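Heads up, the thing below is written out as structure tokens.
The values are calculated or read from the model by the stated rules, or taken from the named source; none is laboratory data. Since the model is a prediction, treat every value here as computed from it, not as a measurement. Cβ atoms come from the backbone with ideal geometry, glycine included; neighbour counts cover every protein chain shown. These area figures cover heavy atoms from the full protein model, side chains too; ligands, DNA and RNA do not enter into them. Shrake-Rupley method; radii C 1.70, N 1.55, O 1.52, S 1.80 Å.
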Amino acid sequence: HRATTPSLSSSHLSSSSSPKIAFLFLTNSDLHFLPLWNRFFRTAKTSRYNIYVHADPTVNITRPTKSVFDDRFIPNAKRTFRASATLISATRRLLATAILDDPANAYFAVLSQYCIPLHSFNYIYRSLFTAKTFDLTSNSSDLTQYGVRVKYKSFIEIISKEPRLWKRYVARGRFVMMPEVPFEDFRVGSQFFVLTRKHALLVVKDRTLWRKFKLPCYRASECYPEEHYFPTLLSMQDPDAVTRYTLTRVNWTGTVAGHPYMYKPKEVSAKLIYDLRKSNYSSSYLFARKFSPDCLKPLMGIADSVILRD
């Protein structure tokens, strides 16, 4: 509610500082790749980023000390459950906290404890704010002659055709989503995205769709609200200002119980990182998931020579 107050939630950036990326970590366990993220932020100017962590308060999570994550856990975090509206609520809380905390936060990147960066901070910052050719789907009219974007877009996956879309739509009941969300407007996409400040505000201000998506499902196996709320809302409210693809690479081959493929230590290599970067929509993916916690050692082994080297 505070984040929707006009005097506190301006969609215009502060003119007194450079635009920042707000990194929003959503976790229900320790931050497995904390050392890698510390190294990622090591070369970044503190005037260009902020970090916020929503940690499930019912889980005993180690709070890091002597790192860039010190005191970055947001207060009043809520318990979260997979495939439930609690993940939407936690993400909305992260967005609201970042909006209120710093008017310079221009992009809001949602990540999990299983995510890793695929590039250096400087590469990611340039890609989002100044790179001429990063978004391969953009029009030349969206750029200035200097390569600085006139129109910032949100990078969020939005899919309108998916085999189980109807079953997911009626998971709460055949007519429950009507009239606010007709089936033809129902969308699916990754819950890990990068939103502009304008769209972060749109999310926290929304009440109409939120009332629908937080209703309980009677078919739990088809209910993944966090994969539907954000793409449906943005597709309905501002379809021309989204790219319709995510910047977080996920491998859905070998899916088990709705979970994406999880990479193991023996698979970590320079070739894997280079392969994960490949995208048909942008110059490169910027993040990737899902990595098992014991991948930390091999990832740190190639951090400086591969992952953070541009």
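What nm value, rounded to one decimal, do you get for the distance between residue 262 and residue 300 when each label is placed 7 Å out toward the C-beta?
2.0 nm
Give the lysines whose C-alpha is closer than 26 Å to that of residue 271, dropping any in the same chain fewer than 8 places away, or say none.
List returned: 290, 297.
Can you give the Rg to Rh ratio of the stretch 130-289, both from alpha-carbon atoms, with Rh computed by the Kirkwood formula? Please list the in-between numbers first.
Numbers: Rg = 17.5 Å, Rh = 17.4 Å.
Here Rg/Rh amounts to 1.01.
Residue 79 versus residue 2, label points 7 Å from Cα toward the beta carbon: distance in nm?
My value for the distance between the label points is 2.5 nm.
Tell me the per residue accessible area of the chain using a 1.4 Å probe; a whole number in Å² is fine.
Values: 14490 Å² over 310 residues.
Per-residue accessible area for the chain comes out at 47 Å².
Between residue 249 and residues 5 or more places away or on another chain, which pairs have amide H atoms under 5 Å apart, with H built 1.01 Å from N, and which residues are they?
286, 287, 288, 289
Provide the solvent-accessible area of residue 252, counting protein heavy atoms only and rolling a 1.4 Å probe, rounded to the nearest 10 Å².
Taking all protein chains as shown, residue 252 has close to 130 Å².
Determine the alpha carbon to alpha carbon distance for each of 20/198; 78/214; 167/278 and list only those over 23 Å. Display every interim value, and only then the final one.
On the way: 20/198 14 Å; 78/214 14 Å; 167/278 32 Å.
From the list (20/198; 78/214; 167/278), the Cα-Cα distance tops 23 Å for 167/278.
With a 10 Å radius around each residue's Cβ, average the other Cβ atoms per peptide and rank 207-218, 106-117, highest first.
Working: 207-218: 14.8, 106-117: 23.4.
Ranked from most to least packed, the peptides come out as 106-117, 207-218.
Do any cysteines in the chain lack another Cys Cβ under 4.7 Å, and if so which?
Among the cysteines of the chain, those whose Cβ sits 4.7 Å or more from every other are 115, 295.
Given the protein chains as shown and a 1.4 Å probe, how many square angstrom of residue 45 are accessible, to the nearest 10?
120 Å²
Can you list the residues, at least 5 places off or on another chain, whose amide H is less than 5 Å from the amide H of residue 263, using H built in the peptide plane?
Here the answer is 290, 291, 292, since their amide H atoms fall under 5 Å of that of residue 263.
Taking a cut-off of 31 Å, what percent of all Cα-Cα pairs in the chain are separated by more than that? Walk me through the numbers on the way to the answer.
Numbers: 13094 of 47895 pairs.
When all Cα pairs of the chain are counted, 27 percent exceed 31 Å.
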